[in-house]
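Have a look at the structure below, then the notes.
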Amino acid sequence: MLRILILVSFLAASFVLYAQVQSPRPVDVKSYVYEVALSDANDSIGCKAVVSFEVMKPSSSFSFDLTSIDKDGKGMRVTSVTGENGKALSFSHASDVLKINAGTSATVGSVLIYKIAYRGVPANGLVISRNKYNRRTFFSDHWPNRAHHWLVCVDHPSDKASVEFSVSAPSHYQVVSNGIRIEESDLGKGMRLTRWRETDPLPTKVMALGVAEFSVGHAGESECVEVQSWLFPEDRVKGFHDYSIAAEVLPFFQKNLAPYPFEKLANVESKTIFAGMENASAIYYPETSVTGNRTIVKLVAHEIAHQYFGNTVTETDWPHLWLSEGFADYFSWMYLESAYGRDSMVAELKKSRDLVVAFAAKRSTPVVDSSTTDYLQLLNANSYDKGSWVLHMLRQQLGDSLFWSGLRSYYAQYAGKNASTNDFRMVMERTSGRNLATFFRQWLYTAGHPKLQIEWRYDVAAKAVKMTVRQMQDNVFEFPLLTKLVGGDGLVMKSVRVHERETTISIPMIQAPTRVEVDPNTQLLFEGTVREMR
Ligand SMILES: [Zn+2]
């Protein structure tokens, strides 16, 4: 996802964090089928959910996340729950938890199928509103754990499941969702049934349903993956031009990383509070994304990267969000680098480094941050910019070949599953044969970054530049530091491994340099000053 576009209304709408089912979870959901009924008459939705799950802990009851009715009357009211052979099951629904009594104690490893019927006006999670052309629209908006406002589910990224949406809606709407469209049938009386199915397991945050009047265009295809553009009809000409850039970006990922993981790539104009939301194979862009000038190329690359990292390899838990956002940002920069040259990546690196420095001045927290349960707080420069910088520095240290090979192995090993920062480290260590414990500890588990005070002088007698590098931050970091000296000797490049509070360096030069540049190739995340001592 790309940060927050509109936060105010969303926070005001009583955003509360919900108690999640704690690990080890009693259930592992295998699939969801949601039969959803929408209308133009009002904002009440009806839903029949079929939830198939494996029992992970013996229990006589199982709990799922589903928002209960709030003081404004919004939320979901459960009307029935049935189990095997259509047997009615008793349940309680309070404080956003639906607890279903299994009747008998279910054994570990058995697969149960529950049917849950409910109805209500979603307070959140499914945004029923009007677009900029004043047309009625329905758009899911789930990140981080807002799916359970309208979908009964285990609303946590670690429980991935296949999903099917079977939607009956007035026939003037088109319906877009994850996976492939498996049915479109007129029901008569101005209603149409549309079914979409994704068989690969998804985290709830990227399950999606979009219902609106759309113009649907074919933007191209790459390796048999169709790229589609879904635009509000008024935006079709400009929007088809803008969104078709995705067909040019997609091959970068297919060629360098792995086959695209889903059946199609739909780019959807939508209503979302985010500046982009990576819903699996149905990426949402905000209404402002249509300009006619293809200004969204970096955003498109970011969201396509998420189809691999975030949607297919999913972080085990929120503190590892950088495995989604840092990866998506860095891959978008690598796409820019491949398409427009290294300068375009360097520009992103420099902008990002400034953001990390500014963020660290306000809040001292590591990238892997377990200190908050307000997950929106994690949409910060650490998860995005510092996370990308970590990948950039890893790439410098390993070289392109090992770096890419490690990324491909990591993706291959965890596709369809969940991974933690430690899982990623182990794959990169195995691929490179290097111990990356210090690298991961200092950049991901430690707050801050090197703050360097660098002084140099030319020693005429010794015919050398004497340089002192002081680390001024709390924790001493270990990193390679490249220095570029320009002067009478021409150009001298010197790389030194800095690992102590103070490092002195001597660089032989016949004549005094006229210019000394630290980190000339933008390879290190740091802040600092370089001063000539006279
Ligand atoms: Zn993102």
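Values in this text are rule-based calculations from the coordinates and carry no lab data. All values reported here derive from a predicted model rather than from experimental measurement. Don't worry about glycine lacking a Cβ; one is built from the backbone with ideal geometry, like all the others, and counts go over all protein chains shown.
Assorted remarks:
- Cα-centred dipole magnitude for the chain, charges only on beta-carbon of K, R (+1) and D, E (-1), debye, nearest 20: 720
- Euclidean distance between Cα centres, the stretch 356-404 to the stretch 464-501, Å: 24
- Tilt relative to the chain, helix 421-432 - C-alpha long axis, 0 to 90 degrees, to 10: 50
- The 3J(HN,Hα) values that the Karplus relation (6.51, -1.76, 1.60; θ = phi - 60°) gives for the stretch 49-60 are, in residue order, 10, 10, 10, 9, 9, 9, 7, 9, 9, x, 7, 9 Hz. Gly and Pro appear as x.
- Cα-based Lys proximity count in the stretch 344-460, under 25 Å, for pairs eight or more positions apart or on separate chains: 10
- Between LEU209, SER324, SER171, the Cα set farthest toward the positive side of the dipole of the chain (charges on each charged residue's Cβ, about the Cα centre) is that of SER324.
- Amide H within-cut-off set for ARG531, under 5 Å, with H built and near neighbours excluded: ILE454, GLU455, TRP456
- Fewest-first ordering of TRP404, TRP230, TRP456, TRP322 by other beta carbons within 10 Å of each residue's beta carbon gives TRP404, TRP456, TRP230, TRP322.
- Fewest-first ordering of ARG130, ARG294, ARG534 by other beta carbons within 10 Å of each residue's beta carbon gives ARG534, ARG130, ARG294.
- Amide H contacts for LEU481 (H built 1.01 Å from N in the peptide plane; partners 5 or more residues away or on another chain; cut-off under 5 Å): VAL496, ARG497, VAL498.
- Rounded tilt (10° steps) of 400-414 against the dominant C-alpha axis of the chain: 20
- Backbone HN-Hα couplings from phi across the stretch 85-94 [Karplus 6.51/-1.76/1.60, Hz, Gly and Pro as x]: 6, x, 6, 5, 10, 7, 8, 10, 9, 8
- Using alpha-carbon coordinates, inclination of helix 297-308 to the longest axis of the chain, degrees: 70
- For the chain, the relative contact order comes to 10 percent (Cα pairs under 8 Å, sequence separation of at least 6).
- Just so you know, the averaged projected area of the alpha carbon convex hull for the stretch 399-534 sits at 9.6 nm².
- Look at ARG25, ARG363, ARG353, ARG515 and count the other Cβ atoms within 10 Å of each Cβ; fewest to most, that gives ARG515, ARG363, ARG25, ARG353.
- Multiplying each eigenvalue of the alpha-carbon gyration tensor of the chain by 5 and taking the square root yields semi-axes of 48, 26, 20 Å, largest first, rounded to whole angstroms.
- Per-residue ellipticity at 222 nm, computed for the chain from helices alone with -39500 (n - 2.57) per DSSP H run of at least four residues, works out to -7500 deg cm²/dmol.
- HN-Hα J in Hz across the stretch 286-295 - Karplus 6.51, -1.76, 1.60, θ = phi - 60°, x for Gly and Pro: x, 4, 6, 6, 8, 10, x, 10, 6, 6
- Projecting the Cα atoms of ALA301, LEU257, PRO508 onto the charge dipole of the chain, computed from C-beta unit charges around the Cα centre, puts PRO508 farthest toward the positive end.
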